[in-house]
Every structure is written in C-alpha cells, then in structure tokens.
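Working notes for the structure below.
The values are calculated or read from the model by the stated rules, or taken from the named source; none is laboratory data. From a predicted model like this one, the values you see are computed outputs, not experimental measurements. Ideal geometry is used to build each Cβ from the backbone, glycine not excepted, and the neighbour counts take in all protein chains shown.
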Amino acid sequence: MIEVALMIEGQMGLTWERWQRIAQAAEELGFVGLYRSDHFTNPQPPDDAALDCWIALAWLASHTRRLIFGPLVSPVSFRHPAIMVRQAAAIDDLSGGRLQLGVGAGWQEREHRAYGFALLDTAARMDRLEEALEVITRLLRSDAPVSFQGQYYRLEEALLLPRPRRAGGPPIVIGGNGPRRTLPLAARYADEWNAVMIDAATFAERNRLLDELLRAQGRQPEAVRRSLMTTLIFGRDDAQLQQRLRGRDAQALRQRGALVGTAGALVEQLGVLAEAGVQRVMLQWLDLDDLHGLEALARDVLPQVR
C-alpha cells in the first residue's frame, strides 16, 4: 500500500553512535529506507551535534545491505553540484545502487549566515537550483565531456569518471511543494518528487498538477515517484501519545500534515496518504535514542501497510 522510511534531522544531536544504532535498527526492523537532513545548525539555538550528511551516507552505503537512503535534501547553496554529483555517484556505486540524490535550493538563513554562504532571495535561489540540476543531470547522464555556462555554475569539458554503474546514475529527488517553481523543476529533472509536511488533500492537488506538468514535458506521470516527508508523533498507547503531544491539538497537527496517533490511527492516516498518491513516506524521527519506539512502530504499523 505504501512504503515507510525514516528521516533523521542530522543537526539535532546526531553522533556516530546514534547514527550507527539507528541504521542497524532501521535495517533489521524492516523500514524501506533511512534518510537524513543536510544542515549545519538548527534554525534557532541551541546548537547540537551535526554529523556531516555525506560522510554519514558513505558509512551507510557500506554498513547496510538493503536500505534505500539519501539526503532530504542537500542544498546547492553550500554543496557545489559538481562535487555533490561526484560524491553521489561514488556512494551509489559503493552501496550497490541504493542512493537517492535529494537536491534542494537551501532555505535556512541561520546556517548560511553563520558559515558565510550566500542564500540569496527566493527567485535567485530557485534560478541557482535550476542551474545546479542542469549541471548534475548532464554530468550523470553524458558519456561525453560537458560544457555549461550559467550565472552560478560553469563547466568546460567536464567529465564524471568513473561513470556511474547504474544507468543514468542515482535517481534525483527534488523536494518541496511550490507549484510555480519546484513542481516544474521536478517535472523536468526529477525521478522522484518529495513533498514536505502537507496534508493528503494538498498532496493530491499538487500530485495532479505534477501529472499535467510531466505531460507538458513529454514525460509520463509514472516516470516520477511520489513521496512525502512529514512529522510523526507516535505513542505506543494513549497515555504516551498525550505525553508526546505536550498539550498540542492532535487534529490541528494532522491538518498541517503531521501523522499523529497510536498504531491504529497511523495505519488509517497512511492509508489516506496512499489514496492521495503517496508511494513512499519518510517519517521524521526526532528522538534519536528511542529505539523502543522504533521497534513498536515497526511491529504495530509496518505489517498493516505493506
């Protein structure tokens, strides 16, 4: 019915020990994939450990056997696309073809200011993302040297070697909900569109729009996988759920796209997302030490949605 993966916020205290425990648990418990954010800091203090995204993915490639994985998403505002694509192709080969190359424009002002990267205004940011996607796709898919002259990036007889073992390289995932810039870019470049924290009705509406945009590009709708990354608030029972809600209204959170509830409620909500067109959901798992919660989620939810 729907594939269930985990998504970790890597800037919220992720260390090697936590990453290794979570990866082992995700692999053994039957989650289809393990994804993580690519940030240096949180949007607001306090700061915490932030294990580098691409180094962590390289470790994952050689220490797991079946998990699909990748960044959700790597910002081209501080990851040069020519470097990112070389890392992605190498890690995909190392993993036997399991990497998903999530690419984004960047959005978090604080980390860009702290580390001296230019975030740009929204329009310029999206222009830069479009150029980066052109660079990435040309390098991945061309066996001949590539030249490109843009405002933000330039290539002159550039060639990605060794060539990716997977034809066309790792699938490109474009994350975001914007109908004016993000979805047209997904229609042109993406192998997967990853929506972010929207409810089922909004997803269904954007899903239909993407179908139209794909046809306008001469592509079939089934050429692009549809996924959703969203917040999860899961309780093994009602008492634990209320504790984790901390006074917040569950229905209001659901209306903003979060999945909230005990196992039965989550199964129902995942079914609604599947009907809206979501093929894979990445559940944001914020408590990096709650392996018992992961076990309960896997035991009580996964068998009912496969």
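A few remarks follow.
- The set of residues in the stretch 157-204 being over 21 Å from Trp107 (Cα atoms), of a type in the set (Gly, Ala, Ser) and assigned to a strand (DSSP E or B) consists of Ala158 alone.
- Of the residues making up the stretch 222-273, those that are closer than 24 Å to Ile174 by Cα and β-branched (Val, Ile, Thr) number 4.
- If only residues of the stretch 27-45 that are in a loop (DSSP other than H, G, I, E, B) and of a type in the set (Phe, Trp, Tyr) are counted, the one that is surrounded by the most Cβ atoms within 10 Å (Cβ to Cβ) is Phe31.
- Criterion applied to Arg226, Arg248, Arg280 was being closer than 30 Å to Ala49 by Cα, of a type in the set (Lys, Arg) and crowded, with 16+ Cβ neighbours inside 10 Å, and the one residue passing it is Arg280.
- Flag for Arg206 being modelled with pLDDT of 95 or more, surrounded by 18 or more Cβ atoms within 10 Å (Cβ to Cβ) and closer than 22 Å to Arg36 by Cβ: no
- Hits in the stretch 46-77 (condition: in a loop (DSSP other than H, G, I, E, B) and modelled with pLDDT of 95 or more): Asp48, Ala49, Leu51, Asp52, Thr64, Arg65, Arg66, Leu67, Leu72, Val73, Val76, Ser77
- Test: residue in the stretch 122-136 that is loosely packed, with under 15 Cβ neighbours inside 10 Å, aliphatic (A, V, I, L, M), free of Cβ contacts under 8 Å to residues at least 60 places away in the same chain and outside any helix (DSSP H, G or I): no
- Which listed residue is within 17 Å of the chain's Cα centre (by Cα) and among the charged types (D, E, K, R), from Glu28, Glu17, Glu3: Glu3
- Close pairs (9 angstrom Cβ cut-off, 6 or more residues apart or separate chains): over 19 Å from Leu101 (Cβ atoms) in the stretch 149-168, at pLDDT 95 or above and in a loop (DSSP other than H, G, I, E, B) anywhere: Glu156/Pro145; Glu157/Pro145
- Yes/no for Gly102 being in contact with a strand residue (DSSP E or B) (Cβ under 7 Å, 6 or more places away or on another chain), at positive phi and buried (at least 20 other Cβ atoms within 10 Å of the Cβ): no
- Residues satisfying the stated conditions in the stretch 78-112, i.e. of a type outside the set (Gly, Ala, Ser), under 24 Å from Leu228 (Cα atoms) and either under 15 Å from the mean Cα position of the chain (by Cα) or assigned to a helix (DSSP H, G or I) (or both): Pro81, Met84, Val85, Ile91, Asp92, Arg98, Leu99, Gln100, Leu101, Val103, Trp107, Glu109
- Condition met for Leu232 (in contact (Cβ under 8 Å) with a residue 24 or more places away in the chain, surrounded by 18 or more Cβ atoms within 10 Å (Cβ to Cβ) and not in a strand (DSSP E or B)): no
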